[in-house]
Amino acid sequence: MILAEVLAGVRLRKPLAEKLAQKGVEDIAYDSRRVKKGGLFFAFPGARADGRSFAEQAVKAGAAAVVSELSAPEGFQGEWVEVEHGRQALSLAARNFYGRPDERVAVTGITGTNGKTTTSYLIDSIFRAAGKTTALIGTIEYHLGDRVLPAVNTTPESLDLYSLLTELERMGGTFATMEASSHALALGRIYGMHFHTAVFTNLTRDHMDFHQTMENYFAAKQMLFTGAGAPAPPFAVINRDDPYGPKIEVGKGTKVFWYGLGKDATLRARHISSSFDGLRFEIQAESRRFAVQSALIGRINVYNILAACGVGLSYGLPVETIAKGIANCRAVPGRFERVDEGQPFVVVVDYAHTDDALRNVISMARGLQPKRVVTLFGCGGDRDRTKRPIMGQVAAELSDLVVLTSDNPRSEDPLAIMNDVLVGIRRKDTPCLVEPDRAAAIRKAIGEARPGDILILAGKGHETYQIVKDRTIPFDDCEVAREVLQGFGYKRRPDVSG
């Protein structure tokens, strides 16, 4: 493929010289260490490093040209292509280079503050119940057919995304489900990608360190529905009960499935039964009605299931297949995940790291009618400070006991983060234990738990690490809780049934 073909549709600052336009491109990279002979290197401006500083290294490795929204550094020897927007250019170039796999693989994108991961797992389970070979791309991990790959970002760089879609296509796969984060949308990582169905779960305060305002945050989510650099998706599945749902603008020809519990929803849950064993309810989809059963717990998962059902209907799948896929999705890692060692109280691990998510998970626990709810949580460092006292107040309002600890403090002082949170906790009279060492805090929380209680370990969910200063150390809430429970003498009895 020649450079002019790879950069087709990309907004250039000036036209390519004829000789450069005809230059062959063998590969694309945005990491100079991965540049191959004849490759095209994309140099991005970054918070920590300027990609231009690696341009010489890329040329020495055999790069045919460097593409950037910045001008060439002084004295640069090589071909330099200036574009209007670097990441949008990479996305379009990757799409061209890989032969537009999004035109043959049906892509579903899910955006929203909370519920993206669980909804994506449910959708993927529905596709698999229909006998499809699928890809699942999101926060926890990437699934490619039966392979599981580590997730670097919730939404990977466009180059990696198109590589995954191409590999899926080679495997005979035709369905991909991905979480579309607000960062990815705002930065242009999925610019130009064609989506079959776009899903909106909800919008609550998060990522203000990046977006600055809720208006900017919403505008980033909105891009998925009008088609950022691509046609608007033909189908949209939108939460009608969320205040931001009705504000979503869709394309002229887009068919919308409005899901929710209220009368304005066209995809509605009725006769909801919720217990520790899961959920049962009826779905009313215009003239159709069908029953679903799920091992997932709580009201928030009613919404996630409705969203997944809307996606299934957007693809014309039979309701029997949709119900089977919902039933097959038994659990999602780090989402109200139980840690059971035979103790007389319930321990769950959940990824809740916003005030809305924390409210949802504590309310979910309350709905199961425990004797008490004990909530352990912390707030991340180098992230939106304004949500810290709000999360503290939510935890104190809804819990019987709060255990405040560290999350991923990153470069910040853990005690300074906890002081921000305590401002909100102190607005209530709820008892609170403070322990910056997360492992020690889990031990204290388990020591405080009584028979019939629910203990929530919130904030980290599926994560298997903790970021402290410039170090990333192994840390898994589930494993730490299990070890502490065993240390207290609890031990799950082996299953001897059958």
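The values are calculated or read from the model by the stated rules, or taken from the named source; none is laboratory data. Bear in mind that the values here come from a model prediction, so they are computed numbers and not experimental data. No Cβ is skipped: glycine too gets one built from the backbone with ideal geometry, and neighbour counts run over all protein chains shown. Heads up: the accessible areas ignore ligands, DNA and RNA and are worked out on the full protein's heavy atoms, side chains in. Shrake-Rupley method; radii C 1.70, N 1.55, O 1.52, S 1.80 Å.
Below is a table of values for the structure above.
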{"read-out": "Hits in the stretch 454-486 (condition: more than 22 Å from Gln343 (Cβ to Cβ), assigned to a loop (DSSP other than H, G, I, E, B) and without any contact (Cβ under 8 Å) to a residue 24 or more places away in the chain)", "value": "Thr464"}
{"read-out": "Residues (acidic (Asp, Glu) and open to solvent by less than 50 Å² (accessible area, probe 1.4 Å)) located in the stretch 1-10", "value": "none"}
{"read-out": "All positions within the stretch 327-343 that are part of a loop (DSSP other than H, G, I, E, B) and touching a Lys or Arg at 6+ places or on another chain (Cβ under 8 Å)", "value": "Gly334, Val339, Asp340, Glu341, Gly342"}
{"read-out": "Elements of type strands (runs of 3 or more DSSP E) contained in the stretch 47-113, each with 3 or more residues being out of contact with any Gly (no Cβ under 8 Å at 6 or more places or on another chain)", "value": "80-82, 106-111"}
{"read-out": "Residue within the stretch 77-99 that is free of Cβ contacts under 8 Å to residues at least 12 places away in the same chain and open to solvent by 20 Å² or more (accessible area, probe 1.4 Å) present", "value": "no"}
{"read-out": "Members of the stretch 261-294 that are of a type outside the set (A, V, I, L, M, F, W, C), under 12 Å from Cys309 (Cβ atoms) and touching a Phe, Trp or Tyr at 6+ places or on another chain (Cβ under 8 Å)", "value": "Thr266, Arg268, Glu282"}
{"read-out": "Matching entry among Thr166, Thr154 (being within 11 Å of the chain's Cα centre (by Cα), open to solvent by 10 Å² or more (accessible area, probe 1.4 Å) and either within 25 Å of Gly316 (Cβ to Cβ) or of a type in the set (Ser, Thr, Tyr) (or both))", "value": "Thr154"}
{"read-out": "Cross-chain or 6+ apart pairs with Cβ under 8 Å, the stretch 203-219 first and under 19 Å from Ile110 (Cα atoms), then assigned to a helix (DSSP H, G or I) and among the β-branched types (Val, Ile, Thr)", "value": "Arg205/Ile390"}
{"read-out": "Candidates Asp429, Asp420 - the one that is more than 17 Å from Val484 (Cα to Cα), in a loop (DSSP other than H, G, I, E, B) and either of a type in the set (Asp, Glu) or touching a helix residue (DSSP H, G or I) at 6+ places or on another chain (Cβ under 9 Å) (or both)", "value": "Asp429"}
{"read-out": "Evaluation of Arg443 against (1) over 20 Å from Ala352 (Cβ atoms); (2) touching a residue at least 60 places away in the same chain (Cβ under 8 Å); (3) of a type in the set (Lys, Arg) (one fails), failing number", "value": "(2)"}
{"read-out": "Output for the stretch 11-29, where each listed residue is in a loop (DSSP other than H, G, I, E, B), over 17 Å from Ser71 (Cβ atoms) and open to solvent by less than 70 Å² (accessible area, probe 1.4 Å)", "value": "Val25"}
{"read-out": "Failed item, numbered, when Gly262 is tested on (1) closer than 28 Å to Gln369 by Cα; (2) under 25 Å from the mean Cα position of the chain (by Cα); (3) in a loop (DSSP other than H, G, I, E, B)", "value": "(2)"}
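Residue-by-condition table, conditions (1) more than 14 Å from Lys460 (Cβ to Cβ); (2) open to solvent by 20 Å² or more (accessible area, probe 1.4 Å); (3) of a type in the set (Ser, Thr, Tyr):
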{"site": "Gly312", "(1), (2), (3)": "yes, no, no"}
{"site": "Glu320", "(1), (2), (3)": "yes, yes, no"}
{"site": "Arg330", "(1), (2), (3)": "yes, yes, no"}
{"site": "Ala352", "(1), (2), (3)": "no, no, no"}
{"site": "Asp355", "(1), (2), (3)": "yes, yes, no"}
{"site": "Pro370", "(1), (2), (3)": "yes, yes, no"}
{"site": "Leu376", "(1), (2), (3)": "no, no, no"}
{"site": "Val394", "(1), (2), (3)": "yes, no, no"}
{"site": "Asp407", "(1), (2), (3)": "no, no, no"}
